[in-house]
Amino acid sequence: GECGSAVPSSSPAPTSPTTTPTVSDIELPAVSDVEPPVITILGNNPATIQVGGAYADMGVTVTDNVDSNLGYTVSLNGGPALPQGDGLSLDTSTTTTRTILYTATDSSGNVATATRTVEVVSSTTTPI
């Protein structure tokens, strides 16, 4: 009976749980990326355009502390997300304010957003 009772209190059993967290602690810093990408808006923000004018979005640059060449999506006034802003068009037929939302996500799932405001204004030229 004494041999059987000595096995549960042997020292190797407590060593195993202690070793496992140490291994995790070593691996986590190498793969953990908690910093979201940085989105830099190119061109004017807010941007102003005349009624009836053509709006061409200048786009953004996206940088990240881990990933490179991250893409982004563009959404106009909460509409569908367009990859890299392809197909983005603004209705400039009336004076209004539009909001363009840029979103980038890195490989760790960190999300960054930036917003550009586009104001469609009536012509300021007056006849002389």
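Out of the residues in the range 66-83 meeting the condition of being open to solvent by 50 Å² or more (accessible area, probe 1.4 Å) and free of Cβ contacts under 8 Å to residues at least 24 places away in the same chain, tell me which one is nearest to residue 44 (Cα to Cα). Taking the candidates together, the pick is 77. Among the residues making up the range 41-64, those that are of a type outside the set (Gly, Ala, Ser), within 22 Å of the chain's Cα centre (by Cα) and either within 15 Å of residue 98 (Cα to Cα) or assigned to a loop (DSSP other than H, G, I, E, B) (or both) are 42, 44, 45, 46, 57, 58, 64. For the range 30-40, taking the residues that are open to solvent by less than 70 Å² (accessible area, probe 1.4 Å) and modelled with pLDDT of 95 or more, the one that is farthest from residue 100 (Cα to Cα) is identified as 36. Which one of 117, 92, 103, 63 is β-branched (Val, Ile, Thr), at negative phi and open to solvent by 50 Å² or more (accessible area, probe 1.4 Å)? Sole residue among the options that is β-branched (Val, Ile, Thr), at negative phi and open to solvent by 50 Å² or more (accessible area, probe 1.4 Å): 63. Taking the condition out of contact with any Leu (no Cβ under 6 Å at 6 or more places or on another chain), at pLDDT 95 or above and among the β-branched types (Val, Ile, Thr), does residue 105 pass? The answer is yes for residue 105.
The values are calculated or read from the model by the stated rules, or taken from the named source; none is laboratory data. Predicted, not measured: the structure shown is a model, and the values here were computed from it. Quick reminder, even Gly has a Cβ in these numbers, built from the backbone with ideal geometry, and neighbours come from all protein chains shown. The accessibility values were calculated without ligands, DNA or RNA, using every heavy atom of the protein model including side chains. Shrake-Rupley method; radii C 1.70, N 1.55, O 1.52, S 1.80 Å.
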